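Trainee: Dumping the structure here so I can ask a few things about it.
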Amino acid sequence: MKCEWVQQNIMLHVYDELADDARYELDQHVARCEACAAELAAAREFRQTMATVTVVEPSPNLLTSSRMRLQEALETTQQGGFWTRLTFDPGIWLRQVRFSPALAAVLLLVGFGGGTAVTFRVIKSNPTDGPVQSAGPTGATPDVEANITGIRSITPEPGTNRVNIKYDTVNTKETAGALSDIRIQQLLLFAAQNNTNSGVRVDSVDLLRQRMNDSRVREALVYALRYDNNPGVRLKALEGLGSYVKDDVRVRDAVLETLTNDANPGLRTEALRVLEPVRADASVRATLERLAAKDSNKFIRDQSRAQLAQLPELD
Amino acid sequence: MAGESLNRIDDTVLVREAQRGDRAAFEDLVRRYDQAVLRLALRLTGSEHEAQDIYQEAFLKAYRNVGSFRFECSFYTWIYRIVTNLCLDHLRRKQVRKEDSGVVMNAEGEEFSVIEQAADDRPNANPEKDLLRRELGSQIGRALDKLTPRERMVFELKHYHGLKLRTVGEMLNTTEETAKNTLFRATQKLRGALSGLRGRARDIRGGDLRDDAGRRGQAI
């Protein structure tokens, strides 16, 4: 091993970036070469000198204010939408193909085979233009979510656990089944988050409340509570989520957000009531204190004060 | 190690939820990494105000583009890549402006010295040693400012943030070998610039040890 190599790699040794065999050889060389031993000592001293300046941790105040500023900005920021994700980027595409020729070949074969099979089926089948009827779980294969363009109506069958859903793909379709049916649940979840008709959203959120132990349902209701522009839908979601404020922190955060920011005073009052069982929680207490001090709504201010008065004093 | 892989699994779940539009999941991701992001930005800009701007821009960029995140690297590497790019831009602009890095501004617009951040505020601290530490810090700051933005970034990530050079390479969209060469160049320049300081750090550390021994003696 030459001294030149050692000199070039001595810093990597000091920063523990040399491979085991190279490190061993370097140590062996340094043990016999005085000049390189001096260089190693100097490199170690350099590292220690640089370490006299320590990394300053951001202060809690700075971190908190940065988080608050970011949160405000996120309120008005849109994620790159569906179309952005589909935007054709030749650079990425070429890179993928370059690095995975096997995958590219498989995709080509699957595309070719799939295209042939679909053409064959289209020629064989007899296309129908009208609505397709399916009366139960054994009906037509459900459409994947991406094919559904909207839900027309949701009609629960009185006295049973069944529900009829009319939905649009390219054509309008209708299906019926029990609430436990996974297809029905998927359609209801879709309706709760994606539909343009607020009546349908109210119906779907209302039905989904019966399956609150499913985390996907809770997620959909939290979404509705946060982002739905119809107060009726938000109220239904809030009612459904009420019993989970104790156990699910994300539900609690969403309800706190409603209490603080919702434009509808009725919903804020309902959120206040829903949070009663967890008012001793630190985040709830902090929000109540803020509202009691300076909320523009007198009723909310008074109610917050009343709830705080029932809490034990903190040291 | 197990904790790290568990973290990654959690990250994957959160990223997928964020990609479906769940803002709460994205905020969870922010809380995992924002302290490290802010620390790096603060260290490289020397200004609370600018660090906050970089923090904000980095996470907003991540939020807008999380849909196109393809899990080719960890979320941690991805967010660091965004931050390092923003910091590199900042360093380049700063080099053009040739600002004096010794004096910076906090969020309230008040000037303060970066070196004072390194001041020893322990009880019984030795003022002489503290002054020595400040002088040393000031010279180190000036030497760091003379590096190119890329050399500075590699050195900061390696020395002050303890990252492996392979990870640093990933973050800077380059190879481990290039990161090694850059670290070599950076340390050569720094050693050259700080050659007059040999032994000063040892004096400070020696002082520290003597002070500690003294304090222990008093306690006994």
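The values are calculated or read from the model by the stated rules, or taken from the named source; none is laboratory data. Only a predicted model underlies this, so the values are computations on that prediction, with no experimental measurement involved. We place every Cβ from the backbone using ideal geometry, glycine too, and count neighbours over all the protein chains shown. Only protein heavy atoms, including side chains, enter the accessible area calculation; ligands, DNA and RNA are left aside. Shrake-Rupley method; radii C 1.70, N 1.55, O 1.52, S 1.80 Å.
Trainee: Give me the net charge of A:ARG216's neighbourhood, meaning all other residues with Cβ under 12 Å from the Cβ of A:ARG216; Lys, Arg count +1, Asp, Glu -1.
Mentor: -1
Trainee: On to the next question. Among B:LYS129/B:LYS164; A:LYS298/B:LYS61; A:LYS166/A:LYS246; A:LYS173/A:LYS246; B:LYS61/B:LYS94, which pairs are too far apart, with a Cα-Cα distance over 30 Å?
Mentor: Too far apart for the 30 Å limit: B:LYS129/B:LYS164; A:LYS298/B:LYS61; A:LYS166/A:LYS246; A:LYS173/A:LYS246.
Trainee: Which whole-Hz couplings ³J(HN,Hα) result when phi for each residue of the stretch B:77-87 is put into the Karplus expression 6.51 cos²θ - 1.76 cosθ + 1.60, θ = phi - 60°, listed in order with x for Gly and Pro?
Mentor: 3J(HN,Hα) across the stretch B:77-87, in whole Hz: 5, 4, 5, 5, 4, 4, 5, 5, 4, 5, 5.
Trainee: Mind checking the mean number of beta-carbon atoms from other chains within 10 Å of the Cβ atoms in B:26-38?
Mentor: 3
Trainee: Next question. If you roll a 1.4 angstrom probe over the protein chains with everything in place, what fraction of the accessible area of the stretch A:186-300 belongs to carbon and sulfur, to the nearest %?
Mentor: Whole-percent figure for carbon plus sulfur exposure: 46.
Trainee: So if we plug the beta-carbon distance of B:ARG166 and A:THR155 into 1/(1 + (r/R0)^6) with R0 = 56 Å, what FRET efficiency do we get, rounded to 0.05?
Mentor: 0.40
Trainee: Residues of A:296-305, mean number of Cβ from any other protein chain within 10 Å of their own Cβ, rounded to a whole number?
Mentor: Whole-number average of other-chain Cβ neighbours for A:296-305 is 0.
Trainee: For the stretch A:218-295, what class follows from the C-alpha gyration tensor (a ≥ b ≥ c being the square roots of its eigenvalues): rounded when a/c is under 1.5, otherwise prolate if a/b is larger than b/c, else oblate?
Mentor: Oblate is the answer for the stretch A:218-295, as a/c is 1.5 or above yet b/c matches or exceeds a/b.
Trainee: Would you calculate the separation in nanometres between label points at B:ARG93 and A:LEU107, each defined as 7 Å from the Cα along the Cα-to-beta-carbon direction?
Mentor: Result for the modelled spin labels: 3.7 nm.
Trainee: Need one number: buried accessible surface between chains B and A, 1.4 Å probe, both sides summed, DNA, RNA and ligands left out, in Å² to 100.
Mentor: Looking at B and A, the buried total is near 5300 Å².
Trainee: Taking θ as phi - 60°, what are the ³J(HN,Hα) couplings along the stretch A:22-29 by the Karplus curve (6.51, -1.76, 1.60), each to the nearest whole Hz, with x for Gly and Pro?
Mentor: 5, 5, 4, 4, 5, 4, 4, 5
Trainee: Could you please state, rounded to a whole Å, how far the C-alpha centre of the stretch A:182-250 is from the C-alpha centre of the stretch A:36-70?
Mentor: Cα centroid to Cα centroid, the span is 48 Å.
Trainee: Under 14 Å from the Cβ of B:LEU157, count the other residues' Cβ atoms, weight Lys and Arg +1, Asp and Glu -1, and hand me the total.
Mentor: Cβ neighbours under 14 Å give a net charge of +4.
Trainee: So how far, in whole Å, is the C-alpha centre of the stretch B:23-79 from the one of the stretch B:164-182?
Mentor: What the calculation gives is 20 Å, centre to centre.
Trainee: Here's a follow-up. Using heavy-atom solvent-accessible surface (probe 1.4 Å) with all chains present, what is the largest-first order of B:TYR33, A:TYR15, A:TYR227?
Mentor: So, going from the largest accessible area down, we get A:TYR227, B:TYR33, A:TYR15.
Trainee: Just check the stretch A:160-224 against the gyration tensor rule for me: Cα atoms, a ≥ b ≥ c as the square roots of the eigenvalues, rounded for a/c under 1.5, and otherwise prolate or oblate depending on whether a/b exceeds b/c.
Mentor: Oblate.
Trainee: Give me the dipole magnitude in Debye, nearest 20, for the stretch A:193-314 about the Cα centre, with unit charges on the beta carbon: positive for Lys and Arg, negative for Asp and Glu.
Mentor: The calculation lands at about 140 debye.
Trainee: Rounded, prolate or oblate: which fits the stretch A:255-314, taking a ≥ b ≥ c as square roots of the Cα gyration tensor eigenvalues, rounded meaning a/c under 1.5, else prolate when a/b beats b/c?
Mentor: Since a/c reaches 1.5 and a/b is larger than b/c, the shape of the stretch A:255-314 is classed as prolate.
Trainee: Another question, if that's okay. Tell me, what is a quarter of the convex hull surface for the C-alpha atoms of the stretch A:194-242, in nm² with one decimal?
Mentor: Average of the hull's projected areas for the stretch A:194-242 equals 2.9 nm².
Trainee: If I take R0 = 25 Å and measure r between the Cβ atoms of A:VAL249 and A:GLN78 in this structure, what FRET efficiency does the formula 1/(1 + (r/R0)^6) give, to the nearest 0.05?
Mentor: In this case the efficiency is close to 0.45.
Trainee: Then there is this: Please work out the average accessible area per residue across the stretch B:131-188, using the 1.4 Å probe convention, and give it in Å².
Mentor: Per-residue value: 42 Å².
Trainee: Still on this model: For B:GLU170, B:GLU72, B:GLU17, what's the largest-to-smallest order of accessible area, 1.4 Å probe?
Mentor: If we order B:GLU170, B:GLU72, B:GLU17 from most to least accessible, we get B:GLU72, B:GLU170, B:GLU17.
Trainee: Next up: Check A:LYS173: other-chain or 5+ apart residues with amide H under 5 Å from its amide H, H built from backbone geometry?
Mentor: A:TYR167, A:ASP168
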